[in-house]
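> Take this structure, written in C-alpha cells, and hold onto it; I'll ask about it next.
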Amino acid sequence: MDTKQLLTFKIAAENLNFTQTAKNLNFAQSTVTAKIKSLEDELDTKLFERLGKKLYLTDAGKQFKSYADKLLTLSEEAKLIATGGNEPSGTLIIGAQESQCTYRLPPLLKEFQYQFPNVKLIFKPAHSDEMAKEQLLKGNLDIAFIMDEVRYKDSLEVEPLVKDEMKIVASINHRLANKPEVYPQDLKDETLLLTERGCSYRTIFENTLRESEIFPSNKIEFVSIEAIKQCVITGIGIAKLPSLVVKEEIQSGSLKALNWKRNTPPIFTQIAWHKDKSMSIPLESFIDLSRQMLKDKNIS
C-alpha cells in the first residue's frame, strides 16, 4: 500500500462520501473508487459498505482507520528527517465550541502559529461536548476542547485545564434582576434560552430544574452563544452561560448575573484526544502548549 491509497482512505473515512473525497483531493471520483478498491484487494477485506444511499465503514475499516492515521504521520515525519527539514509541518483538526474559539483560544493559537508556522490548523465547530467526543472517537478530530464535568471515557485521554464559573444572566430590567436570591422555583414561568442538546452546562441546568420539579414550557434553542446573549439583553429570556462569555456585559451593566442559590457540579475546560491517536510532533506540541498557557496551577 502507498501513501496516496492511505490518504484517500483517511479522507473517505472522515467524509463517508467518495464525491466529497474526490473534491478534497482534487481527484476524479473514479480515481478515489479505484484506490479504495486496490487497498481493499491488498488487505483482502472490505473497508466500506453502502446501505441505500449512505456509505459506512465496516468493522475492519474502523479498525484500519487508526493504523492508516499512524502510517501517514510516520510517513510525514520520515520525509522531514530524510530531507533534513527542521520545521514540523502537517495539519491539526481541532474541535471546539464557539465560546472557546472566541474567548479562550486566540492567544494559544497565535503562539502556536508563531512556533509552528508550517502547521495548518483547521477548526471544526463542536456545538456540544457530546458532538466533540463523538468526532474524536470516530477519528474526525485530532484534538478537542470540551467544557464538562470531569468524566473520563475509556477510549479518550481527557485532561482538565481550568475550572469554569457559570452565570445565570438576565436583562437589567428583568423582574429577577434585583432579587436578593434566586431559586429554581423562581424560573417556573421564565423563557429559557438554551445552547444545543448535548451541551454539558445546559444538561446540568435542566437537571437542576427537573430535580426541583420545575418544568419551564418556554424554551428557545440556539447554536450561537452570541445570539443567546443578545436575546437576553433585549429581555426575551434568561440563560446559563460560562462566566468568560458574559464577563464584559456584566461589568458594563448590559447584563445582570442572578444570585443563583443552588449548588451544581463544577465544569472544567478540558483538552481531549483519542488514546490510540498517533502523537505527531505538532499534536504533542499543541497539547504541551495548551498546558503551559491554559492550565490552572491549582488543577492537578
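> Rounding to the nearest 10 and keeping the result within 0 to 90°, find how far the Cα-based axis of helix 29-43 lies from the longest principal axis of the chain.
70
> Moving to a separate point now. Using only Cα atoms and rounding to the nearest 10 degrees, what angle (0 to 90) does helix 281-294 make with the longest principal axis of the chain?
On a 0 to 90 degree scale, this one is about 20.
> Also, quick follow-up: Where nothing but the Cβ of Lys and Arg (+1) and of Asp and Glu (-1) is charged, how large is the charge dipole of the stretch 165-257 around its Cα centre, in debye to the nearest 20?
Roughly 80 debye, rounded to the nearest 20.
> How far is helix 3-15 tilted off the main Cα axis of the chain, in degrees rounded to 10, range 0 to 90?
It works out to around 30 degrees.
> FRET efficiency for Gln20 and Leu74, Cβ-Cβ distance as r, R0 = 25 Å, nearest 0.05?
It comes out at approximately 0.45.
> What net charge do the residues around Ile172 carry, taking every other residue with its C-beta under 15 Å from that of Ile172, with Lys and Arg at +1 and Asp and Glu at -1?
Combined, the nearby Lys, Arg, Asp and Glu give +3.
> Follow-up question, since we're still on this one. What are the aspartates and glutamates whose alpha-carbon lies under 17 Å from the alpha-carbon of Lys54, with same-chain residues fewer than 8 places away excluded?
Straight-line reach from Lys54, under 17 Å: Glu14.
> Let me ask you something else. List the pairs from Lys70/Lys138; Lys35/Lys133; Lys167/Lys295; Lys35/Lys62; Lys229/Lys256; Lys62/Lys295 whose alpha-carbon separation is above 23 Å, in the order I gave them.
Details: Lys70/Lys138 15 Å; Lys35/Lys133 30 Å; Lys167/Lys295 21 Å; Lys35/Lys62 17 Å; Lys229/Lys256 11 Å; Lys62/Lys295 33 Å.
Distance filter (> 23 Å) returns Lys35/Lys133; Lys62/Lys295.
> Hey, another quick one. Under a crude label model (7 Å from the Cα following the beta-carbon direction), how far is Gln251 from Leu109 in nanometres?
2.2
> For labels at Thr58 and Arg210 in the simple 7 Å Cα→Cβ model, what's the distance in nm?
Those two pseudo-labels are separated by 4.0 nm.
> A follow-up question, please. Which three semi-axes in whole Å describe the equivalent ellipsoid of the chain, each the square root of 5 times a Cα gyration tensor eigenvalue, listed largest first? Write out the running numbers ahead of the final one.
Values: eigenvalues 365, 102, 52 Å².
Ellipsoid half-lengths, sorted descending, are 43, 23, 16 Å.
> Could you tell me the extents of the stretch 1-117's C-alpha atoms along the three principal axes, largest first, rounded to whole Å?
The principal-axis extents, from largest down, are 45, 40, 26 Å.
> Principal axes first, then extents: for the Cα atoms of the stretch 143-255, list largest minus smallest coordinate on each axis, whole Å, largest first.
46, 34, 26
> Could you give the length gained on full extension between Glu149 and Asn259, defined as 0.36 nm per residue of separation minus the Cα-Cα distance, in nm?
37.4 nm
Throughout, read-outs are computed from the coordinates displayed, never taken from laboratory work. Not measured: the values here are computed from a predicted model. Note that each Cβ is placed from the backbone with ideal geometry, even for glycine, and that neighbours are counted across all protein chains shown.
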